[in-house]
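S.K.: Here it is: the structure, laid out below.
Bear in mind these aren't lab numbers, they're just calculated from the coordinates by the rules spelled out. From a predicted model like this one, the values you see are computed outputs, not experimental measurements. FYI the Cβ positions are ideal-geometry reconstructions off the backbone, even for glycines, and counts take in every protein chain you see.
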Amino acid sequence: MKIKVFPREYAGGPFNALVLLLSLLAGLVAVGVVFALKEINPFFAIFSIFKGSFGSWFGIKETITKAIPLILIGAGLALAYRAKFWNIGAESQLLLGAIFATWVGLNWGPSLPGWAAYLLMFLAGFIGGALWGMIPAVLKIHFGINEVISTLMLNYIAAEIVKFLVVGPWKGETKYGYPYTDDLPDQAILWLFPYSRVSPLLVVLTVFVALFLCYLVFRSRFGYEIRVIGENAEAARYAGIDFFKTLLLVMAISGGVAGLAGVGELAAIHHHLSYPETISAGYGFTAIIVAWLGRLNPAYTILSGLFFAGIVVGGDAIQMTMGLPAATVQVFNGLILTFLIMGDFFVHHRVTIQREA
Amino acid sequence: MRSIEQLEMRGIHKSFVGVQANRDVNLSIGAGDILGLLGENGAGKTTLMNILYGLYRPDEGEIFVNGEEVVIRNPRDSMRAGIGMIHQHFMLVQKHTVLENVGLGYEKAPFFFPLREVRKRIEAEADRLGLHVDPDKQIWELSAGEQQRVEILKALLHDADLLIMDEPTSVLTPQEADGLFDILRAMSREGHSVILISHKLEEIKAICNRVLVLRKGTVTGEAQIEDVTMADLARMMVGREIADSYPKADLPEGEAVLEVRNLNVQSDQAVPAVQDLNLTVRRNEIFGIAGVSGNGQRELVEAISGLRHVESGAVHLNGEKITNRTARTINDSGLTHVPEERIKFGIVPNLFLYENAVLKKHHRNPFSIRMRMNYPRVKKHAETLVHDFNVDAASIGVPMKNLSGGNIQKMILGREISAEPDLLIAAHPTYGLDVGAAEYIRKQLIERRDTGGSVLLVSEDLEELFQVCDRIAVMYEGRFMGIVPPAATTIEQVGLMMAGCPAGECDED
């Protein structure tokens with residue numbers, strides 16, 4: 001018996017969806033095996049995860065809270081990945097957004113009305129993330145530096161900058177020596193639904209960003225150029241598309257929306273800048289899977305973002321109730337991403353088994 | 001060391017999807033022979049040698065060494081039989097020394113201090129054949145000629161008795177080429193045999209003692225070198241009956257559309273690829289550029305269309321200077337381009353047909369209005385192209401990669417022609433297409449000429465150039481060997497120019 005692999009001509013929508021579903025299922029089975037090895041009933045564990053995240057009002061509110069940064073970042077990453085620009089640095093772009101917004105909030109916030117404070121903070125956050133995102137684009141185009149390396153390394157630099165700020169020049173006077181900045185003034189803090197950490201403004205912004213980026217990718221000239229660059233860079237050159245301008249803009253947007261996520265975390269949840277691990281619980285990395293599960297369609301990241309937020313929340317819940325190690329959620333995420341990427345192989349290839357004559 | 005007294009390939013057939021690359025080819029070579037394997041690109045030379053080196057297996061045919069049949073399944077078998085191959089692009093580890101590169105895979109070295117043995121052998125070969133190269137230098141420090149010597153050393157240390165060299169002088173300076181020939185002669189004296197793949201007639205005349213000519217996969221000539229003239233070789237290489245020209249409208253000479261003056265362009269390796277070139281393409285004219293590929297045609301086309309930097313000289317389109325403008329600006333000012341390697345450059349395989357239908361003019365009204373793509377209009381345009389240019393596709397909503405080569409090319413041509421350019425550049429537009437599609441495309445080029453456009457046609461297919469062009473320039477190593485009217489020229493004359501003889505100089509050889 002021989003297994004032969006051929007490139008697949010064309011995979012339709014239903015087939016794509018089927019592969020996606022089966023990959024997810026296979027991922028869940030693999031996760032189940034991990035649970036079983038820990039002598040926990042896998043069905044019960046996986047059921048508990050989704051019960052923890054979607055099974056109660058509290059769970060749903062927490063899931064939405066965590067979905068917001070995942071969707072914002074994931075939608076931006078989808079844009080970058082469409083151009084085959086492998087941005088692994090959303091974590092740092094988020095942090096830069098938070099830094100810029102903190103400065104605006106602390107310095108200008110007290111003298112501004114609420115709406116103006118929000119607006120300027122989001123604007124500053126977008127600019128912070130965008131500038132940070134544009135660095136690897138410039139490095140890549142002018143010096144040929146691989147963006148995977150540069151974006152990854154910029155994560156460490158950004159994290160150190162945040163640490164430096166919160167223990168150094170920006171250390172809060174009212175924080176009893178803790179490594180925090182002072183709290184933002186009240187008018188710069190986002191209004192939340194009662195008894196939750198969900199800001200309606202952020203929800204609206206997130207959905208808008210995801211849909212807008214979807215429009216950008218599939219309906220705008222810029223999106224067309226992004227897809228041509230990503231699918232065939234040689235043809236893009238031939239077609240006279242300006243790589244520098246396009247990729248710079250792609251990374252400005254991808255980094256910028258990650259910066260918005262940073263503003264959201266800051267203004268809705270933490271209210272001050274603190275250690276980088278506190279500001280972002282690895283959202284920049286989890287969002288890579290969100291973008292991928294969303295088939296690099298920014299609109300679909302709304303669904304995949306909610307799904308992964310659910311895993312994070314439910315994972316936290318069972319960590320506590322079942323006494324599992326803190327890495328459980330990461331194992332979960334990693335396994336699912338692995339299976340999703342393996343699933344892609346079947347979208348692009350046909351596998352047939354031939355019996356030898 | 002076993003030596004190859006006589007090697008024979010008998011009745012070799014090899015076909016790839018739809019293309020017969022070798023048809024009933026016989027080749028024989030004896031000890032001390034330097035055999036020239038001559039032919040245009042695509043004649044099947046490299047395929048034949050890849051079979052001998054074990055990279056491909058023939059569909060039919062056998063290989064005999066000293067009268068005994070050998071089966072060559074892979075390069076290892078081939079090396080064991082005493083055959084070595086040196087590719088056009090060297091397979092060396094740049095950051096390692098000559099010694100380390102030659103020692104790589106050298107199986108007979110002792111376990112301890114293996115390089116000492118390798119060094120001894122390198123020195124021995126250097127004395128024997130004049131193959132001098134510093135064993136302690138790293139590869140990146142060496143010139144192309146020296147790197148080639150390292151490759152030869154490598155093959156010799158693997159006991160190669162028969163050496164296949166694929167276009168060995170294409171990367172060398174003339175002085176280095178002379179050095180290589182000295183080495184080859186020394187090898188021949190020592191009883192090694194060499195197969196030299198080339199399309200340069202002078203070279204074959206200068207170094208080989210026998211020659212085998214291929215055309216379209218079959219042997220069209222075999223001779224002792226002293227029995228043939230360069231004109232004979234050119235005829236064997238390109239000669240064929242030319243079918244009648246396509247009918248063309250009789251039009252007066254138009255004004256100059258494209259003017260290129262003293263153009264100099266570099267290749268990717270930063271060596272001069274186009275040198276002091278002048279050309280003028282007029283309205284109502286198809287200007288052909290003939291030549292074996294790799295003689296600067298690609299760089300010329302890229303420089304004109306804005307895809308490659310012009311070192312010096314000027315390009316004018318309709319009297320306006322377009323030198324070193326961006327590809328988009330040049331395209332917008334009336335030049336469109338059917339690129340060679342259509343799938344690599346001309347389309348985006350994973351995007352839909354209709355998205356590909358506006359590539360390069362997607363930024364213009366009505367296909368995009370401000371920043372928004374006008375997809376209804378784009379789709380309508382795609383429908384028109386599919387209809388007008390007989391593109392066979394299930395719908396305009398299929399990914400471009402689902403189309404066949406001929407239909408992809410019709411789409412590209414349609415896209416470029418429908419913009420009604422002043423100048424259409426078509427690079428190898430019919431390469432690899434079936435007869436019907438090729439004919440259709442040629443007719444479209446003539447149609448463009450007859451309706452007030454001008455065409456710059458780059459092709460390796462002489463028949464095609466003779467059938468459609470008003471003038472043909474023959475390009476060789478970045479220069480034109482001559483610009484001739486096809487009606488008053490024979491295909492042999494063009495063949496000689498393709499091999500590096502300026503017009504009218506080598507006819508008597």
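S.K.: Averaged across A:234-247, how many Cβ atoms of other chains sit within 10 Å of each residue's Cβ atom?
M.R.: For peptide A:234-247, the averaged partner shielding equals 6.
S.K.: Now for a separate question. Please work out the C-alpha center-to-center distance from the stretch A:243-290 to the stretch B:90-143 and express it in whole Å.
M.R.: Between the Cα centre of the stretch A:243-290 and that of the stretch B:90-143, the gap is 53 Å.
S.K.: Which residues' amide hydrogens lie under 5 Å from the amide hydrogen of B:Asn284, considering only partners 5 or more residues apart or on another chain, with H built in the peptide plane?
M.R.: B:Gly452, B:Gly453, B:Ser454
S.K.: Based only on Cα atoms, what Rg/Rh ratio does the stretch B:201-290 have, Rh being taken as Kirkwood's radius?
M.R.: 1.12
S.K.: Then there is this: How shielded is A:221-233 by partner chains, expressed as the average number of their Cβ atoms within 10 Å of its Cβ atoms?
M.R.: That average works out to 5.
S.K.: Something else now. Pick out which of A:Ile49, A:Ile40, A:Ile311 has the largest mean-square fluctuation in a Gaussian network model of chain A, springs linking Cα atoms closer than 10 Å.
M.R.: Checking each option, the largest mean-square fluctuation is seen for A:Ile40.
S.K.: Starting from the exponent 0.38 and prefactor 2.2 Å, build the expected Rg for the stretch B:344-420 from its residue count and divide its actual Cα Rg by it.
M.R.: With N residues counted in the stretch B:344-420, Rg over 2.2 N^0.38 Å equals 0.99.
S.K.: Over the protein assembly as shown, what per residue volume does the convex hull of the Cα atoms give, in whole Å³?
M.R.: Given the Cα convex hull of the protein assembly as shown, per-residue volume reads 223 Å³.
S.K.: How do the peptides B:57-67, A:98-108 rank, highest first, by the average count of neighbouring beta carbon atoms within 10 Å per residue?
M.R.: Ranked from most to least packed, the peptides come out as A:98-108, B:57-67.
S.K.: Taking only the Cα atoms of the stretch B:1-147, how large is their convex hull per residue, in Å³?
M.R.: Once divided by residue count, the hull of the stretch B:1-147 is 147 Å³.
S.K.: For Cα pairs less than 8 Å apart in space and 6+ apart in sequence, what is the mean separation divided by the residue count of the stretch A:204-357, i.e. the relative contact order in percent?
M.R.: Reported as a whole number, the value is 18 percent.
S.K.: I've got another one for you. Is the C-alpha gyration tensor of the stretch A:56-161 telling us rounded, prolate or oblate? Criteria: a/c under 1.5 is rounded; beyond that, a/b larger than b/c is prolate, otherwise oblate.
M.R.: Cα axes put the stretch A:56-161 in the oblate bin.
S.K.: Using the Cα gyration tensor of chain B, with a ≥ b ≥ c the square roots of its eigenvalues, what is the shape: rounded (a/c below 1.5), prolate (a/b larger than b/c) or oblate (neither)?
M.R.: prolate
S.K.: Arrange B:His96, B:His309, B:His89, B:His362 by Cβ neighbour counts within 10 Å, fewest through most, would you?
M.R.: Fewest-to-most Cβ neighbours within 10 Å comes out as B:His89, B:His309, B:His96, B:His362.
S.K.: Another question, then. Determine the distance separating the Cα centre of the stretch B:384-442 from the Cα centre of the stretch B:1-60; give it in Å without decimals.
M.R.: A separation of 35 Å, based on Cα centres.
S.K.: With a ≥ b ≥ c the root eigenvalues of the C-alpha gyration tensor of the stretch A:105-178, is it rounded (a/c under 1.5), prolate (a/b larger than b/c) or oblate?
M.R.: It is oblate, given that a/c is not under 1.5 and a/b is not larger than b/c.
S.K.: Please list, in order along the stretch B:477-493, the HN-Hα scalar couplings obtained from phi with the Karplus expression 6.51 cos²θ - 1.76 cosθ + 1.60 (θ = phi - 60°), rounded to whole Hz, x for Gly and Pro.
M.R.: 6, x, 10, 8, 7, x, 10, 10, x, x, 5, 9, 10, 9, 5, 5, 4
S.K.: With a 10 Å radius around each residue's Cβ, average the other Cβ atoms per peptide and rank B:452-463, B:183-194, B:105-116, highest first.
M.R.: With the highest mean Cβ count within 10 Å placed first, the list reads B:452-463, B:183-194, B:105-116.
S.K.: Per DSSP H run of at least 4 residues, take -39500 (n - 2.57); add these up for the protein assembly as shown, divide by its residues and hand me the 222 nm value, nearest 500 deg cm²/dmol.
M.R.: -15000 deg cm²/dmol
S.K.: Looking only at A:Gly144, A:Gly74, A:Gly262, which one moves most when chain A is put into a Gaussian network model with springs between Cα atoms under 10 Å?
M.R.: Judging by the Gaussian network model, the answer is A:Gly144.
S.K.: Could you grab the Rg to Rh ratio for chain A? Cα atoms only, Kirkwood for Rh.
M.R.: For chain A, the value is 1.00.
S.K.: Which helices, counted as full DSSP H runs in chain A, have an axial Cα extent of no less than 24 Å and a Kyte-Doolittle average of 0.0 or above?
M.R.: Those that pass (Cα extent of 24 Å or more, hydropathy at least 0.0) are A:13-37, A:57-82, A:90-107, A:114-143, A:147-167, A:200-219, A:243-264, A:301-322, A:328-348.
S.K.: Further question: Do the alpha carbons of any pairs in B:Lys248/B:Lys410; A:Lys245/B:Lys344; A:Lys140/B:Lys410; B:Lys108/B:Lys137; A:Lys140/B:Lys200 sit beyond 30 Å of each other, and which pairs?
M.R.: Pairs exceeding 30 Å: A:Lys140/B:Lys410; A:Lys140/B:Lys200.
S.K.: Only Cα pairs under 8 Å and at least 6 apart count here; give the relative contact order of the stretch B:344-420 as a rounded whole percent.
M.R.: Reported as a whole number, the value is 37 percent.
S.K.: Taking all pairs of different Cα atoms in the stretch A:2-42, averaging 1/r and flipping that mean, what Kirkwood radius in angstroms comes out?
M.R.: After inverting the mean inverse Cα-Cα distance, the result is 12.5 Å.
S.K.: Which residue fluctuates the most in chain A, going by a Gaussian network model with Cα springs under 10 Å, if the choices are A:Leu37, A:Leu70, A:Leu120?
M.R.: Of A:Leu37, A:Leu70, A:Leu120, the Gaussian network model singles out A:Leu37 as fluctuating most.
S.K.: What percent do you get for the relative contact order of chain B when only Cα pairs under 8 Å and 6+ apart count?
M.R.: Across chain B, relative contact order equals 15 percent.
S.K.: If you don't mind, another one. Count, for each residue of B:352-358, the Cβ atoms from other chains sitting within 10 Å of its Cβ, then give me the mean as a whole number.
M.R.: 1
S.K.: Percent antiparallel among DSSP beta bridges with both residues in chain B, to the nearest 5?
M.R.: Expressed as a percentage, antiparallel bridges in chain B total about 55.
S.K.: For a protection proxy built on the mean count of beta-carbon atoms within 10 angstrom, sort A:304-310, B:325-331, B:75-81 highest first, please.
M.R.: A:304-310, B:325-331, B:75-81
S.K.: Still on this model: Please work out the Cα center distance from the stretch B:183-235 to the stretch A:142-175, rounded to the nearest Å.
M.R.: 65 Å
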